[in-house]
Amino acid sequence: PEMGSGTIDGYVAALRSDIQAKKRKIIEANMPLTEREAKLFWPVYDRYDYDMGKVNFERASIYDFYVDNYKTMSNKQAEDLLRRLNNVDRLKLSIDQKYGREMGKVLPAKTVLRFVQITRQVDRLVGLKIMSGIPLVPVE
């Protein structure tokens, strides 16, 4: 979307970019699971993905507000955005920890680590795609 258009749909679309939409296929291709492991893993993954989707929606709403306000942003608004961004980061870490423990009950630790590596790489690629189109806040 054009900078300043403020449409959350554009940022949700970026969060659900080709990479994000293909995340499950990326995971399938890079996580060799036995049939038994797959039966145990994918339901946990679906819950993980649902919870992360809620956090990503909050992240999109932060970007939406920023794009609408970055040219005239007050220090108070900047403080609020910092608080919200940090909260998103804490939520993402909390979800990673929660589901990492849950996956660790049904998968070897190295497989769980591989999953975390893959999902973090995908998240960073999506984040880079989004952030590359968002200007820095002007300094006074």
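Applying the set (1) part of a loop (DSSP other than H, G, I, E, B); (2) surrounded by 16 or more Cβ atoms within 10 Å (Cβ to Cβ) to residue 133 leaves exactly one unmet item: (2).
Say whether the condition of being surrounded by 12 or more Cβ atoms within 10 Å (Cβ to Cβ) and under 13 Å from the mean Cα position of the chain (by Cα) is met by at least one residue in the range 28-47. No.
Of all the residues in the range 94-127, those that are surrounded by 11 or more Cβ atoms within 10 Å (Cβ to Cβ) and either on the phi > 0 side of the Ramachandran plot or of a type in the set (A, V, I, L, M) (or both) number 11.
Of the candidates 73, 52, the single residue that is outside any helix (DSSP H, G or I), open to solvent by less than 40 Å² (accessible area, probe 1.4 Å) and modelled with pLDDT under 95 is 73. Screening residue 65 with (1) open to solvent by 30 Å² or more (accessible area, probe 1.4 Å); (2) touching a helix residue (DSSP H, G or I) at 6+ places or on another chain (Cβ under 8 Å); (3) closer than 17 Å to residue 27 by Cα gives one miss only, at (3). Residue under question is residue 9, and the condition is that it be modelled with pLDDT of 60 or more and either among the polar types (S, T, N, Q) or surrounded by fewer than 17 Cβ atoms within 10 Å (Cβ to Cβ) (or both); does it hold? In short, no. A single member of 112, 88 is in contact with a helix residue (DSSP H, G or I) (Cβ under 9 Å, 6 or more places away or on another chain), under 24 Å from residue 33 (Cα atoms), in a helix (DSSP H, G or I) and without any contact (Cβ under 8 Å) to a residue 60 or more places away in the chain, and it is 112. Being under 17 Å from residue 48 (Cα atoms) and not in a helix (DSSP H, G or I) is a property that does not hold for residue 93.
The values are calculated or read from the model by the stated rules, or taken from the named source; none is laboratory data. Worth saying up front: this structure is predicted, and the values here are computed from it rather than measured. Cβ coordinates were reconstructed from backbone atoms using ideal geometry, including for glycine residues, and neighbour counts include every protein chain displayed. For the accessible areas, the whole protein counts, side chains as well, though only heavy atoms, and no ligand, DNA or RNA atoms are used. Shrake-Rupley method; radii C 1.70, N 1.55, O 1.52, S 1.80 Å.
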